[in-house]
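S.K.: I have a structure I would like to understand better, so I am pasting it below and will then ask my questions one at a time.
The values are calculated or read from the model by the stated rules, or taken from the named source; none is laboratory data. Just so you know, these numbers come straight off a predicted model, no measurement behind them. Here the Cβ is made from the backbone with ideal geometry for all residues, glycine too, and neighbour counts use every protein chain on show.
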There are 4 protein chains.
Amino acid sequence: MPGSTLGRRFKITTWGESHGKAVGVVIDGCPAGLDLCEEDIQIFLDRRKPGQNKYSTPRKEDDQVELLSGVFNGKTTGTPISCIVYNKTARSQDYSEIAACYRPGHADYTFDAKYGFRDYRGGGRTSGRETIGRVAAGAVASKILNTLGIRLLTYTRSIGPVEIDPSHMDFNEINNNPLYMPDSQAAQQAREFLDGRLADHDSAGGIIECRISGLFPGIGEPVFHKLDACLAQAILSIGAVKGFEIGEGFHAAALSGSENNDSFYMCNGQIKKETNHSGGILGGLSDGSEIVFRAAVKPTPSIAKKQHTVNKDMENIEISIKGRHDPVIVPRAVVVVESMAALTVLDLLLENMSARMDGLKKFYEK
Amino acid sequence: MPGSTLGRRFKITTWGESHGKAVGVVIDGCPAGLDLCEEDIQIFLDRRKPGQNKYSTPRKEDDQVELLSGVFNGKTTGTPISCIVYNKTARSQDYSEIAACYRPGHADYTFDAKYGFRDYRGGGRTSGRETIGRVAAGAVASKILNTLGIRLLTYTRSIGPVEIDPSHMDFNEINNNPLYMPDSQAAQQAREFLDGRLADHDSAGGIIECRISGLFPGIGEPVFHKLDACLAQAILSIGAVKGFEIGEGFHAAALSGSENNDSFYMCNGQIKKETNHSGGILGGLSDGSEIVFRAAVKPTPSIAKKQHTVNKDMENIEISIKGRHDPVIVPRAVVVVESMAALTVLDLLLENMSARMDGLKKFYEK
Amino acid sequence: MPGSTLGRRFKITTWGESHGKAVGVVIDGCPAGLDLCEEDIQIFLDRRKPGQNKYSTPRKEDDQVELLSGVFNGKTTGTPISCIVYNKTARSQDYSEIAACYRPGHADYTFDAKYGFRDYRGGGRTSGRETIGRVAAGAVASKILNTLGIRLLTYTRSIGPVEIDPSHMDFNEINNNPLYMPDSQAAQQAREFLDGRLADHDSAGGIIECRISGLFPGIGEPVFHKLDACLAQAILSIGAVKGFEIGEGFHAAALSGSENNDSFYMCNGQIKKETNHSGGILGGLSDGSEIVFRAAVKPTPSIAKKQHTVNKDMENIEISIKGRHDPVIVPRAVVVVESMAALTVLDLLLENMSARMDGLKKFYEK
Amino acid sequence: MPGSTLGRRFKITTWGESHGKAVGVVIDGCPAGLDLCEEDIQIFLDRRKPGQNKYSTPRKEDDQVELLSGVFNGKTTGTPISCIVYNKTARSQDYSEIAACYRPGHADYTFDAKYGFRDYRGGGRTSGRETIGRVAAGAVASKILNTLGIRLLTYTRSIGPVEIDPSHMDFNEINNNPLYMPDSQAAQQAREFLDGRLADHDSAGGIIECRISGLFPGIGEPVFHKLDACLAQAILSIGAVKGFEIGEGFHAAALSGSENNDSFYMCNGQIKKETNHSGGILGGLSDGSEIVFRAAVKPTPSIAKKQHTVNKDMENIEISIKGRHDPVIVPRAVVVVESMAALTVLDLLLENMSARMDGLKKFYEK
């Protein structure tokens, strides 16, 4: 599994299982001199903390992060930053049943196929708890981006069939509802919809949208590390994400060139675009306008409803998944999507520093 | 631009500009002992060759590939395979105009923003000709996959608003129409639709679908190099692709868990799935069923229709793009998508070889 | 500092400072199914533990390792293995003086030059304690190599001017003396020599030799990841190492081709070499004979003797280094060299698995 | 063989065999805006060109380089630079004999062991011709370093037992003798020594020394990509190099701390070192003084003298190597060592740009 590291300049390596001793991340390549404390990271982790309302797992974890290295006198030192969160309320007894069977929609079978066996407790490495490391690192990346005037805004665009009304979008609403929707009316409808799914012992998915503003043009590394390609990898690496699109995305396939192209024009001596169908990216590089992308999240596979499946003895069986599960993971995944986007943008921002001779000369001249 | 290399085990590095001397690729990590000749690669390149019909650029290039290294006595030697295709009909005069202005929907502006200037001849590095290297490498990867019984099938799912009818899908039709659609009726409609766009001096996009069969379960490297995450990066790295989805994709967001989950069952001693909403991937690993993904391709940005834009002197201007352009790039992109998928799957297949101690011991025991 | 990760298949990422909360390592890419417990790692860590005799720092640390992830029911699961060792006896007061000055032979000045400031407590990241992560990972790598019949033997070849007598070499002696020398007489002389250096408030260096037996021919990845090149990087990455040589090494420069070449001959149906001047490597690949390399370790820079230097206020000063330092680090570095060699060999052994089509086909055929 | 790429920011990928169609390199990550023409590269290639005198192979190759991409209007564009050199005088008939036997000191056996077979013509990939790609890339790296005031000086320190006299070192002499020695008297002795070896149908090795001046302090990425570790890998990746040392190197092992430490002092407001035993590196980072390292080169293994070996039929045989070989490769390897050093230093110089928050902020502020 040599795939636990992401990034080339701002590198993260996550580790840990749902019911092991702890989960964590090592951040390597953080520039020295950033003011950083545990509270900076805790704010992000609290956004994904379980047990906050009936739409998330009742498992109670306070998910307190501890900084073990890389910070001295309140500043990053340029050395690896190790963050750890201990698993406190692991209840392995809940999961004895799933040791012996392959849950539909889960990675039980594929992990067994790959590794020969697996840590079945709470999903082990495939648990949503693995994202704690991503979010902790994302908090650090976001702080750096903020110092450069780059800001990320992420929210739930739809839950099941309930979508926000773009004409009623109000970003101030995002934190006013447990679903992180920028539309109070849609949020209310979505809650009612989820109540129905809960009553049915079933679950729901949704779409998350992320906007990145303040990004300079020219960020991304052709031809394989284009900004959109790296974002796609980062977002699809989140469990349960089944689709990624940027700007008009799949809708662009049906447009004509004249509809989809964004015209350039001059505005106060700056090059601007009249529209933003591109979602802020041209040729894989940021074009100076807002980056806008969406991630499709599948419905939680753990449902109490009866399902057919097979067990490890190769017998057909019926199961009903017990345990502490989210009926919809979209709201808790919002901060994960934002973190992955922040990590990706920062990494490419650092990569871009060596793109030009004049930048190099200016950097090193005394 | 240190982003021209893709893959960790089967690595490719592409190089070259549209109107430079040549374009090419170096393939590093190809196992020794594969029968390989130029014809194996030429077959793939011919699928993306320009000038084949009125829906592709009239630029005539025979795109003959030459193998410069890595093959001896008809077999790969394990050393880097260097492939080159000379640019024969570069007509730089066509492009003098675009040197001075930023074409909407193109990377002219973002390349200037990043690098300070650009090779403007025919789009330079951002030209579709860059994909020649990808397709040449994809041919080699596909040949290896075929020896293991893994096959890829790629086709046009829609052109503009014209989509194939899944109930009429006939894979034998794919090579019977210039649009590579597996539905002769849809292909006919799409051609009529494109004729309209051509008459309007406008362009169209579409959706490409790829199916990979015969893949073993367990391929992919959690958590950042999951199979779907790597496919997403590879596909989004293709110019003009604006979206990627796997299995139900964006549609999954509106389904319930019980609808979207694929039940397992036993079939002749094998674990099978009753449905394939997952698109062949669970937890980022192949699950043994067919991999199915789609890529959304935007309409060609080069259109003869008048557009507003700015020039390098920061003046608002109007342009009408001349030159030899495809009114729709979807058909020629089909083999590019297939190549990127083959490269990704093969790379992860090689990575998977060290997943287990028993595999390691068996491999090295005498 | 994105340089804290080593390896491509068996990857390690170390983190931690001498006087921070803890030091550790994340191992990614360990094959699933290896029997592993904390004791396996502890045995290696005990070989580098401080405070064992008067030739190592009197700082007392029991360096108990804790496994936080990646192991379940006594076996590795294929997921990242996180190892942590808490720093228990950090005494920061010892180091208040060095906060303000640049110690000769240390990285104080260069870290300030690079990062703007540094964690000066006990050398921070440049402390020998950083090697704990390397040794923990090396223990795991060695265990895997052992299951394949590959064994490493590492020892002190010289301390200052005192060298072992090759004709008296007895590997059973290595663990009978605190200097890990395979020659009891030389060990006794070296101890006397060190007593003199201690009396002078001075320090000593030495040479470490490592032998790897049982390695298959063909391991190494031309042309930049040759086995010797990777070993050189791994060994030079250890603080205080100033030279690396393989086989005859620097001595080879004065030999003739006929003296330095190793003749092949047949022995019981096996290809063998009459001599081993090459140190077990030809063309960057293992040749099936014993790998033999040496590392030159400089004298400990921390000495009580008065030295000239400058402080952070740019003033010339005199210092005498206090604190708990090793008069010679060679003996404690023996296990570090062995660990780095084990990590390198294992990584390349895993890389080699995809070298040939027949190996690939055999691996995946049912 | 996924080991043909070196570097993370300034990446090179070499390809090609001795008697294939061509050899070459793709350079990825070269900053845009560097003035570059084929002549810049040719000057470096001419320094390693064969056939210049009786101490190098009589094979005549003019080794004319061609730039195929990445340069436009005389400047690099930031896209991959592809360099090619055609093999013109490949005489495969010379090598028919070695197809069937394993030459002592060569990689014939190990390549067969790894890949199952090999391109035996002229050593194939293991030929010295592979270094053409390295030297071409090194020329580009050197040009960039020069613009920053960083200069490399490389020369032969010894040939066989004949070493330069450090007290007579005159760098102006380097280009006055075919052995590139900075000491005319030693050069004369070395020529006489080589004449003797030639008469004996035997060969010689030697030591190459490289000095890098003008490098800023703080370059290198702890802990695994330290400057000295990266140099060691780069230098050991050159065929025939058997040892690497920096500063005092192996000699440091016998010194005391007080002898080996370099005292700092203030000089015109700058921090300087009284001595340079460290070879310009402390803690793996450049310390602002001259980088000095040495590489030990083994004697050419191809000798006309009779040797024992085995053939592919596993029979003991005697051989005498014919063909066009260098009796000593040290002089031609001088520019290879310099190139590898330039590539390494430049790569780490680019990596260092993201080390600090203040550097990042200054770079991106408008």
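S.K.: Kindly provide the set of residues from the range A:291-315 that are more than 7 Å from every other protein chain (Cβ to nearest Cβ) and of a type in the set (Val, Ile, Thr), ordered by number.
M.R.: Correct list: A:ILE291, A:VAL292.
S.K.: Return the pairs, sorted by first residue and then second, in which the second residue is basic (Lys, Arg) and part of a helix (DSSP H, G or I), the first residue lies in the range D:132-159 and is under 25 Å from D:GLY288 (Cα atoms), the beta carbons are less than 9 Å apart, and the residues are 6+ apart or on different chains.
M.R.: These pairs meet every condition: D:THR147/A:LYS361; D:LEU148/A:LYS361.
S.K.: Can you pull out every residue in the range B:68-78 that is without any contact (Cβ under 8 Å) to a residue 12 or more places away in the chain and on the phi < 0 side of the Ramachandran plot? Steps first, answer last, please.
M.R.: Taking the range B:68-78 and keeping what is without any contact (Cβ under 8 Å) to a residue 12 or more places away in the chain, we get B:72-73.
B:PHE72 - this is the single residue of the range B:68-78 that is without any contact (Cβ under 8 Å) to a residue 12 or more places away in the chain and on the phi < 0 side of the Ramachandran plot.
Condition check ((1) part of a loop (DSSP other than H, G, I, E, B); (2) touching a Cys at 6+ places or on another chain (Cβ under 8 Å); (3) on the phi > 0 side of the Ramachandran plot; (4) surrounded by 24 or more Cβ atoms within 10 Å (Cβ to Cβ)) across all residues:
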position	(1), (2), (3), (4)
A:LYS322	yes, no, no, no
A:VAL328	yes, no, no, yes
A:ARG332	no, no, no, no
A:LEU346	no, no, no, yes
A:MET353	no, no, no, no
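S.K.: Mind checking which residues of the range D:147-174 are outside any helix (DSSP H, G or I), among the small types (Gly, Ala, Ser) and more than 14 Å from chain C (Cβ to nearest Cβ)?
M.R.: Of everything in the range D:147-174, just one residue is outside any helix (DSSP H, G or I), among the small types (Gly, Ala, Ser) and more than 14 Å from chain C (Cβ to nearest Cβ), namely D:GLY149.
S.K.: Now for a separate question. Among the residues in the range B:33-43, are any farther than 17 Å from D:ILE84 by Cβ and within 8 Å of another protein chain (Cβ to nearest Cβ)?
M.R.: Scanning the range B:33-43, I find at least one residue that is farther than 17 Å from D:ILE84 by Cβ and within 8 Å of another protein chain (Cβ to nearest Cβ), so the answer is yes.
S.K.: Can you name the number of the only condition in (1) at pLDDT 95 or above; (2) more than 19 Å from A:ARG332 (Cα to Cα); (3) surrounded by fewer than 19 Cβ atoms within 10 Å (Cβ to Cβ) that A:SER167 fails?
M.R.: Of the numbered conditions (1) at pLDDT 95 or above; (2) more than 19 Å from A:ARG332 (Cα to Cα); (3) surrounded by fewer than 19 Cβ atoms within 10 Å (Cβ to Cβ), the odd one out for A:SER167 is (1).
S.K.: Another one. Please specify each residue of the range B:14-55 satisfying the condition of being out of contact with any Pro (no Cβ under 6 Å at 6 or more places or on another chain) and β-branched (Val, Ile, Thr).
M.R.: B:THR14, B:VAL23, B:VAL25, B:ILE27, B:ILE41, B:ILE43
S.K.: Anything in the range C:170-201 that is hydroxyl-bearing (Ser, Thr, Tyr) and either at pLDDT below 95 or under 20 Å from C:PRO299 (Cβ atoms) (or both)? List them, or say none. I'd like the intermediate steps shown before the answer.
M.R.: Taking the range C:170-201 as the starting set, the residues that turn out to be hydroxyl-bearing (Ser, Thr, Tyr) are C:180, C:184.
Passing the criteria: only C:TYR180.
S.K.: Something else about it: Looking at C:ASN177, is it farther than 28 Å from C:ASP35 by Cα, more than 14 Å from chain D (Cβ to nearest Cβ) and free of Cβ contacts under 8 Å to residues at least 24 places away in the same chain?
M.R.: Details: farther than 28 Å from C:ASP35 by Cα: yes; more than 14 Å from chain D (Cβ to nearest Cβ): yes; free of Cβ contacts under 8 Å to residues at least 24 places away in the same chain: yes.
Spelling it out, C:ASN177 is indeed farther than 28 Å from C:ASP35 by Cα, more than 14 Å from chain D (Cβ to nearest Cβ) and free of Cβ contacts under 8 Å to residues at least 24 places away in the same chain.
S.K.: Looking only at the range D:20-32, decide whether some residue is surrounded by fewer than 22 Cβ atoms within 10 Å (Cβ to Cβ), within 14 Å of chain C (Cβ to nearest Cβ), in contact (Cβ under 8 Å) with a residue 40 or more places away in the chain and of a type in the set (A, V, I, L, M).
M.R.: Within the range D:20-32, the subset surrounded by fewer than 22 Cβ atoms within 10 Å (Cβ to Cβ) is D:21-22.
Those left that are additionally within 14 Å of chain C (Cβ to nearest Cβ): none.
Taking every residue of the range D:20-32 in turn, none turns out to be surrounded by fewer than 22 Cβ atoms within 10 Å (Cβ to Cβ), within 14 Å of chain C (Cβ to nearest Cβ), in contact (Cβ under 8 Å) with a residue 40 or more places away in the chain and of a type in the set (A, V, I, L, M).
S.K.: Taking strands (runs of 3 or more DSSP E) that fall entirely within the range D:206-318, which contain at least 3 residues that are in contact with a Lys or Arg (Cβ under 8 Å, 6 or more places away or on another chain) and modelled with pLDDT of 95 or more? Full working, then the answer.
M.R.: Details: elements: D:206-213, D:241-246, D:264-267, D:270-273, D:291-297, D:307-310.
Hits in the range D:206-318: D:206-213, D:241-246, D:264-267, D:291-297.
This table checks each residue for (1) among the aliphatic types (A, V, I, L, M); (2) farther than 30 Å from D:TYR364 by Cα; (3) in contact (Cβ under 8 Å) with a residue 40 or more places away in the chain; (4) not in a strand (DSSP E or B).
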site: B:VAL85; (1), (2), (3), (4): yes, yes, yes, no
site: B:PHE111; (1), (2), (3), (4): no, no, no, yes
site: B:GLY123; (1), (2), (3), (4): no, no, yes, yes
site: B:ARG129; (1), (2), (3), (4): no, yes, yes, yes
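S.K.: Given the conditions (1) out of contact with any Leu (no Cβ under 6 Å at 6 or more places or on another chain); (2) surrounded by fewer than 24 Cβ atoms within 10 Å (Cβ to Cβ); (3) of a type outside the set (A, V, I, L, M), and given that B:SER339 satisfies all but one, which numbered condition is not satisfied?
M.R.: (2)
S.K.: To continue, here is another question. Can you find, within the range A:336-357, the residue that is farthest from A:ARG294 (Cα to Cα) among those that are aliphatic (A, V, I, L, M) and in contact with a strand residue (DSSP E or B) (Cβ under 7 Å, 6 or more places away or on another chain)? Working first, answer last.
M.R.: We begin by selecting, within the range A:336-357, every residue aliphatic (A, V, I, L, M); these are A:336-337, A:340-343, A:345-346, A:348-350, A:353, A:355, A:357.
Add one more test, that the residue is in contact with a strand residue (DSSP E or B) (Cβ under 7 Å, 6 or more places away or on another chain), and what stays is A:337, A:341-343, A:345, A:348, A:355, A:357.
Numbers: A:VAL337: 9, A:ALA341: 11, A:ALA342: 14, A:LEU343: 16, A:VAL345: 16, A:LEU348: 20, A:ALA355: 29, A:MET357: 35 Å.
Per the criteria, the residue is A:MET357.
S.K.: In contact with a His (Cβ under 9 Å, 6 or more places away or on another chain), of a type in the set (Asp, Glu), buried (at least 24 other Cβ atoms within 10 Å of the Cβ) and farther than 27 Å from C:SER256 by Cβ: which single residue out of D:ASP183, D:ASP119 fits that description? Quick ask: steps written out before the conclusion?
M.R.: Values: D:ASP183 fails: farther than 27 Å from C:SER256 by Cβ.
Selected residue: D:ASP119, the only one of D:ASP183, D:ASP119 that is in contact with a His (Cβ under 9 Å, 6 or more places away or on another chain), of a type in the set (Asp, Glu), buried (at least 24 other Cβ atoms within 10 Å of the Cβ) and farther than 27 Å from C:SER256 by Cβ.
S.K.: A:ILE144: β-branched (Val, Ile, Thr) and more than 14 Å from chain B (Cβ to nearest Cβ), yes or no? Don't jump to the end; show me each part of the working.
M.R.: Values: β-branched (Val, Ile, Thr): yes; more than 14 Å from chain B (Cβ to nearest Cβ): yes.
Yes.
S.K.: Just for the range C:186-198: of the residues that are surrounded by 12 or more Cβ atoms within 10 Å (Cβ to Cβ) and among the charged types (D, E, K, R), which one is nearest to D:SER256 (Cα to Cα)? First the steps, then the outcome.
M.R.: Quick first cut of the range C:186-198, residues surrounded by 12 or more Cβ atoms within 10 Å (Cβ to Cβ) only: C:186-191, C:193-198.
Narrowing further to those that are among the charged types (D, E, K, R): C:191, C:195, C:197.
Working: C:ARG191: 15, C:ASP195: 13, C:ARG197: 8 Å.
Applying the filter and picking the extreme gives C:ARG197.
S.K.: Any chance the range B:89-103 includes a residue that's touching a strand residue (DSSP E or B) at 6+ places or on another chain (Cβ under 8 Å) and aromatic (Phe, Trp, Tyr)?
M.R.: Taking every residue of the range B:89-103 in turn, at least one turns out to be touching a strand residue (DSSP E or B) at 6+ places or on another chain (Cβ under 8 Å) and aromatic (Phe, Trp, Tyr).
S.K.: Kindly indicate whether D:SER69 is within 13 Å of another protein chain (Cβ to nearest Cβ), of a type in the set (Ser, Thr, Tyr) and either part of a loop (DSSP other than H, G, I, E, B) or surrounded by fewer than 24 Cβ atoms within 10 Å (Cβ to Cβ) (or both).
M.R.: Numbers: within 13 Å of another protein chain (Cβ to nearest Cβ): yes; of a type in the set (Ser, Thr, Tyr): yes; either part of a loop (DSSP other than H, G, I, E, B) or surrounded by fewer than 24 Cβ atoms within 10 Å (Cβ to Cβ) (or both): yes.
The answer is yes for D:SER69.
S.K.: Of the numbered conditions (1) more than 14 Å from chain A (Cβ to nearest Cβ); (2) within 21 Å of A:PRO222 (Cβ to Cβ); (3) modelled with pLDDT under 95, B:ARG125 satisfies every one except a single condition; which is it?
M.R.: Of the numbered conditions (1) more than 14 Å from chain A (Cβ to nearest Cβ); (2) within 21 Å of A:PRO222 (Cβ to Cβ); (3) modelled with pLDDT under 95, the odd one out for B:ARG125 is (1).
S.K.: Quick one: in the range D:33-54, which of the residues that are within 18 Å of the chain's Cα centre (by Cα) and in a loop (DSSP other than H, G, I, E, B) is surrounded by the fewest Cβ atoms within 10 Å (Cβ to Cβ)? Give the steps one after another, and end with the answer.
M.R.: Narrowing the range D:33-54 to residues within 18 Å of the chain's Cα centre (by Cα): D:40-50.
Narrowing further to those that are in a loop (DSSP other than H, G, I, E, B): D:49-50.
Details: D:LYS49: 17, D:PRO50: 19.
Checking each candidate, the answer is D:LYS49.
S.K.: Of C:ILE271, C:ILE281, C:ILE246, which residue is closer than 25 Å to C:THR156 by Cα, at the interface with chain D (Cβ under 7 Å from one of its Cβ atoms) and among the hydrophobic types (A, V, I, L, M, F, W, C)? Explain how you work it out, then say what you get.
M.R.: Numbers: C:ILE271 fails: closer than 25 Å to C:THR156 by Cα; C:ILE281 fails: at the interface with chain D (Cβ under 7 Å from one of its Cβ atoms).
Sole residue among the options that is closer than 25 Å to C:THR156 by Cα, at the interface with chain D (Cβ under 7 Å from one of its Cβ atoms) and among the hydrophobic types (A, V, I, L, M, F, W, C): C:ILE246.
S.K.: A follow-up question, please. In the range B:184-220, how many residues are more than 17 Å from B:ILE235 (Cβ to Cβ), basic (Lys, Arg) and away from chain A (no Cβ under 14 Å)?
M.R.: Going through the range B:184-220 one residue at a time, the tally reaches 1.
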